[in-house]
1. Looking at the range 16-49 only, could you name the residues that are surrounded by 16 or more Cβ atoms within 10 Å (Cβ to Cβ) and farther than 17 Å from Pro65 by Cβ?
2. Being closer than 28 Å to Val107 by Cα and not hydroxyl-bearing (Ser, Thr, Tyr): is that true of Pro65 here?
3. Consider Leu188 carefully, then state whether it is over 29 Å from Ser335 (Cα atoms) and either in contact with a strand residue (DSSP E or B) (Cβ under 8 Å, 6 or more places away or on another chain) or without any contact (Cβ under 8 Å) to a residue 24 or more places away in the chain (or both).
4. Which one of these does Gly40 not meet: (1) in contact (Cβ under 8 Å) with a residue 60 or more places away in the chain; (2) in contact with a helix residue (DSSP H, G or I) (Cβ under 7 Å, 6 or more places away or on another chain); (3) not polar (S, T, N, Q)?
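Every number here is computed from the coordinates shown, using simple stated rules; none is lab data. Just so it is clear, the structure is predicted and the values come from calculations on it, not from any experiment. Cβ placement follows ideal geometry from the backbone for every residue including glycine, while neighbour counts extend to all protein chains displayed.
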Amino acid sequence: MGAEQGSVVGFPGWTWLFGFLIGSCIGSFLNVVVYRVPRGLSLSEPKSSFCPSCRHPLGVPDLVPILSWLALRGRCRHCGARIHPRYMLVELLTGALFALLWHQHLVQAFDPAKAVAYALASATLVAIVFIDFELYIIPDSVNAFLALVGVAWNVWLYASGRPEATTWGIPSALAGWIVGTVAIWLILLFGRALFGKDAMGHGDIKMARGIGAVLFPASALMSFGLAVVAGAVLGALQVLLRGRGREDDEASPEDAAGYEPESYASIFRSGLGYLLGIDILGLFLPGLYRRWFGEEPEAGFDEEEFQVEPTMIPFGPYLALGAIAATVFQGPLWSLVERYQVWAGLK
């Protein structure tokens, strides 16, 4: 028998399997997002998925989540080219996250709206992890979707009369939106002031805004703390595994002649634009985006010009991983925080 929230009985415990199946299917769609969106390709044309090597349309035997990759041993059925393990990992990870969220919010408790909101947010963050790890960018449309999930979740909370809809006298999603934007924007600002270099990508600021909108201020800040720890440990490991691919006397892009960090005027103007959501509106009103940010909204990614320096570490994936952890393990993490407060005499 499932748990109860009020008089509503949750689903039986075994139904987490449905969460896994739904999540793995969503993961299959995320693979399309991860490949197409940063490259400026349409999600609807071509309608069928295709092999990245031979471009042959894929059929049912190629598209069964997780099982197709295993059965075909990571090879294209048509040309024999290697299919990256990422495709299976995205499906497996998304399936596992949906199973956990199903168990938490549909079995242990019964809160379908929260299950849907957190599942959509987690799926978006999974896409961000794999896009940013590969290409060091986060598409504006993906960040915008994450923020809008948070806004929709907050609207539902207000419609349901739930107290968590409000934080500090304003909508909780708005409070988180502000906290997320300002927290990461300050890293960019202080990095520029202290080191004279660009310390943070703008995509990270937009993602933090979306994380705040979904998780609300307190949990968002906790996720940022988790991201810092993960970035310090895993980022250092990433650099070591990649190896020092250049000589000591070879200049980094920041040391190259003609390199100029972002101006303070641009940093302040962009930060205000993100707080006002102008980048989101600009996806529908490109002229507004161009006037405010002085560039075109979301162009396709040019893989031929992309080069990764050995010491380049994208912070976005760690922000996303921290947010995923704070979403899926929110209860246990807050329990640990409360225990620490008691131990430290703070509570």
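1. Passing the criteria: Arg36, Val37, Pro38.
2. Yes.
3. Judged against the criteria, Leu188 is not a match.
4. Just one mismatch for Gly40, condition (2).
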